[in-house]
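Data first, discussion second: the structure below is written as structure tokens.
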């Protein structure tokens with residue numbers, strides 16, 4: 001009998017493809033060196049002419065021509081000449097998601113931002129699960145005084161406003177490599193600790209754990225050798241759920257400008273840039289926002305499928 005993959009696996013695989021292969025498929029997210037006002041905000045499915053420039057970069061406009069003296073671009077006021085010389089032929093491209101206010105390809109920016117947003121979310125989820133697992137196992141197996149102290153730590157962290165906690169952590173760690181992922185992990189490990197503690201306490205009553213303790217096994221050895229394998233199915237269900245939460249929180253921090261890297265592409269930053277263009281340039285914020293919502297939905301469905309598979313296996 002073949003074992004079926006958890007529901008939502010296809011959506012998660014699609015997200016992985018977007019994050020890994022999207023930037024190579026979409027082209028450059030950079031702004032064109034020449035993008036007059038007529039080309040700076042093009043709606044979805046627009047056709048634009050592009051030409052590489054000898055000095056680097058490229059020109060993009062709804063209509064342009066390469067001449068021996070430079071590049072001529074059609075604007076609302078007529079043809080306008082630029083001294084930059086073309087380094088290749090003029091080609092036409094259909095911009096599936098249009099451009100932003102600087103003439104940048106929104107599809108390319110969205111797919112390039114997907115890598116940062118999704119990989120940061122996955123790393124943050126893995127760190128949060130690791131920290132939560134350590135605290136949960138420690139609370140389940142530690143002596144009473146240490147267990148009470150860990151319980152107070154969990155309750156205190158859960159009692160703090162999540163967004164304010166994340167803003168404070170992001171402000172302190174934004175300049176550290178992968179600091180945003182660490183900030184998200186430090187702000188989201190508590191639920192994992194609770195779930196792991198509950199699973200570990202249920203295993204403590206099993207005969208094989210009692211036998212290991214009677215044989216003189218140390219608490220740390222019992223936790224890693226006997227309890228940790230038993231809570232792995234719980235962690236498998238929690239990982240996509242934690243990633244879904246992390247991708248939304250990373251987008252929130254980027255939207256608020258709390259990630260500290262102004263040049264880094266992420267869905268939240270693109271949505272923040274598109275907010276000022278709404279409603280005339282609605283697509284700038286709409287498409288990254290839609291992909292963000294679909295990502296959270298796909299990860300949530302994967303978490304539900306993994307939880308069902310775990311219950312079925314038990």
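Taking the listed residues 258, 236, the one that is surrounded by fewer than 23 Cβ atoms within 10 Å (Cβ to Cβ), in a loop (DSSP other than H, G, I, E, B) and either touching a residue at least 60 places away in the same chain (Cβ under 8 Å) or not assigned by TED's automatic domain parsing to the domain that holds residue 132 (or both) is 258, with no other qualifying. Only one of the numbered conditions (1) surrounded by 15 or more Cβ atoms within 10 Å (Cβ to Cβ); (2) at pLDDT below 90; (3) farther than 24 Å from residue 283 by Cβ is not met by residue 73, and that is (3). Kindly indicate whether residue 272 is outside any helix (DSSP H, G or I), within 19 Å of residue 112 (Cβ to Cβ) and out of contact with any strand residue (DSSP E or B) (no Cβ under 6 Å at 6 or more places or on another chain). So residue 272 fails the test. With respect to (1) within 23 Å of residue 237 (Cα to Cα); (2) over 22 Å from the mean Cα position of the chain (by Cα), the lone exception for residue 160 is condition (1). When you look at residue 57, is it under 32 Å from the mean Cα position of the chain (by Cα), buried (at least 21 other Cβ atoms within 10 Å of the Cβ), on the phi > 0 side of the Ramachandran plot and at pLDDT below 90, yes or no? When the stated conditions are applied, residue 57 does not pass them.
Taken across the range 109-116, residues that are surrounded by 15 or more Cβ atoms within 10 Å (Cβ to Cβ), modelled with pLDDT of 90 or more and either part of a strand (DSSP E or B) or touching a strand residue (DSSP E or B) at 6+ places or on another chain (Cβ under 8 Å) (or both) do not occur at all. For the range 169-193, the tally of residues that are in a helix (DSSP H, G or I) and either outside the structural domain of residue 142 (by TED's automatic domain parsing) or under 11 Å from residue 129 (Cα atoms) (or both) stands at 6. For the condition touching a residue at least 12 places away in the same chain (Cβ under 8 Å), surrounded by fewer than 16 Cβ atoms within 10 Å (Cβ to Cβ) and part of a helix (DSSP H, G or I), residue 153 qualifies.
The values are calculated or read from the model by the stated rules, or taken from the named source; none is laboratory data. All values reported here derive from a predicted model rather than from experimental measurement. We place every Cβ from the backbone using ideal geometry, glycine too, and count neighbours over all the protein chains shown.
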